[in-house]
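The values are calculated or read from the model by the stated rules, or taken from the named source; none is laboratory data. If you're wondering where the values come from, they're calculated on a predicted model, not measured in any experiment. Here the Cβ is made from the backbone with ideal geometry for all residues, glycine too, and neighbour counts use every protein chain on show. For accessibility, only protein heavy atoms count, side chains too; no ligands or nucleic acids. Shrake-Rupley method; radii C 1.70, N 1.55, O 1.52, S 1.80 Å.
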Amino acid sequence: MVRMLLVGPPGAGKGTQAVLLSEAFGIPAISTGDIFRANVRDETPLGVEAKSFMDRGEYVPDSLTNALVADRLSHADCERGFLLDGYPRTLDQVRALDEVLAAQGNHLDIVVELTADPEIVIERIRLRANSQGRTDDTDDVLRNRLSVYTRETAPLIDVYGGRGILVSVDGIGAIDDVTGRIMESMSAHGFSA
Ligand code: AMP
């Protein structure tokens with residue numbers, strides 16, 4: 001049972017690791033990016049609203065994102081823990097998540113930061129753009145996403161570090177090696193799959 005989140009720049013491998021960790025721990029992986037993309041694909045009102053932000057590499061407004069996650073965390077499958085991938089990404093989202101969890105008498109157990117050199121991130125995303133055809137993986141949009149990350153999301157690292165629940169893991173290397181590093185760091189904090 002663990003309530004955790006994965007944080008790191010675009011291209012650090014959060015999505016890949018989220019799937020593997022959610023299987024290992026038997027908890028749902030909740031990716032706000034995936035939820036937004038599904039809504040864009042289905043042309044829901046949320047998708048129509050989110051698309052313009054996503055296509056520019058900007059964050060979807062906190063009000064929309066917070067409501068989406070609060071709803072998702074109220075589902076029964078989150079009672080035994082969850083892995084958040086790509087949320088929170090702003091200080092307002094940190095506050096909103098704290099409130100949702102506190103209302104349930106819960107709190108975050110651990111935050112895993114995946115670190116990655118920007119040069120390697122850019123190369124990885126170029127490959128992903130070819131294979132997955134994401135409309136926000138072009139060079140211009142990517143550059144904006146990296147700068148939005150530095151401005152809006154990097155400050156969260158200090159917040160969670162201050163709470164003593166942050167572990168930083170090198171995100172570069174073979175997928176299984178990175179998973180192994182994450183598992184080791186989590187186990188040092190008392191969370192084993
Ligand atoms: P991702 O797949 O996590 O890289 O997310 C893709 C895009 O979805 C981001 O560039 C944002 O436009 C949007 N998005 C995903 N998660 C969030 C979030 N927590 N807050 C705001 N926007 C988000």
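Among all positions in the stretch 69-85, there is no residue which is within 10 Å of the ligand (Cβ to nearest atom) and basic (K, R). Against the list (1) touching a Phe, Trp or Tyr at 6+ places or on another chain (Cβ under 7 Å); (2) at pLDDT below 95; (3) surrounded by fewer than 22 Cβ atoms within 10 Å (Cβ to Cβ), the condition P28 fails is (2).
Yes or no, residue by residue, for (1) at pLDDT 95 or above; (2) of a type in the set (A, V, I, L, M):
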position	(1), (2)
V121	no, yes
I125	no, yes
D136	no, no
G162	yes, no
R181	yes, no
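Close contacts from the stretch 178-190, counting a first residue that is within 17 Å of G8 (Cβ to Cβ) and a second that is among the hydroxyl-bearing types (S, T, Y) and not in a helix (DSSP H, G or I), with Cβ to Cβ under 9 Å and a gap of 6+ residues or different chains, come to M183/S192; S185/S168; M186/S192. Filtered by the rule that a residue be part of a loop (DSSP other than H, G, I, E, B) and free of Cβ contacts under 8 Å to residues at least 24 places away in the same chain, the stretch 135-150 gives D137, T138. Annotation note: Cβ proximity below 7 Å between a residue of the stretch 50-72 that is of a type outside the set (F, W, Y) and a residue that is assigned to a loop (DSSP other than H, G, I, E, B) and more than 8 Å from the ligand (Cβ to nearest atom) (sequence gap 6+ or interchain) occurs for D55/T135.
Rundown of residues vs (1) out of contact with any Asp or Glu (no Cβ under 7 Å at 6 or more places or on another chain); (2) surrounded by 15 or more Cβ atoms within 10 Å (Cβ to Cβ); (3) of a type outside the set (F, W, Y), yes/no style:
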| position | (1), (2), (3) |
| --- | --- |
| N130 | yes, no, yes |
| D139 | yes, no, yes |
| L142 | yes, yes, yes |
| Y149 | yes, yes, no |
| P155 | yes, no, yes |
| I175 | yes, no, yes |
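No other residue among R124, R89 is open to solvent by 30 Å² or more (accessible area, probe 1.4 Å), within 13 Å of the ligand (Cβ to nearest atom) and closer than 14 Å to T32 by Cβ apart from R89.
Sort out which residues of the stretch 92-109 are open to solvent by less than 70 Å² (accessible area, probe 1.4 Å), without any contact (Cβ under 8 Å) to a residue 24 or more places away in the chain and more than 16 Å from the ligand (Cβ to nearest atom), and write them in order of number. Of everything in the stretch 92-109, those that are open to solvent by less than 70 Å² (accessible area, probe 1.4 Å), without any contact (Cβ under 8 Å) to a residue 24 or more places away in the chain and more than 16 Å from the ligand (Cβ to nearest atom) turn out to be A102, G105.
Answer yes or no as to whether E43 is more than 12 Å from the ligand (Cβ to nearest atom), over 30 Å from R181 (Cα atoms), open to solvent by 40 Å² or more (accessible area, probe 1.4 Å) and of a type outside the set (A, V, I, L, M). Yes.
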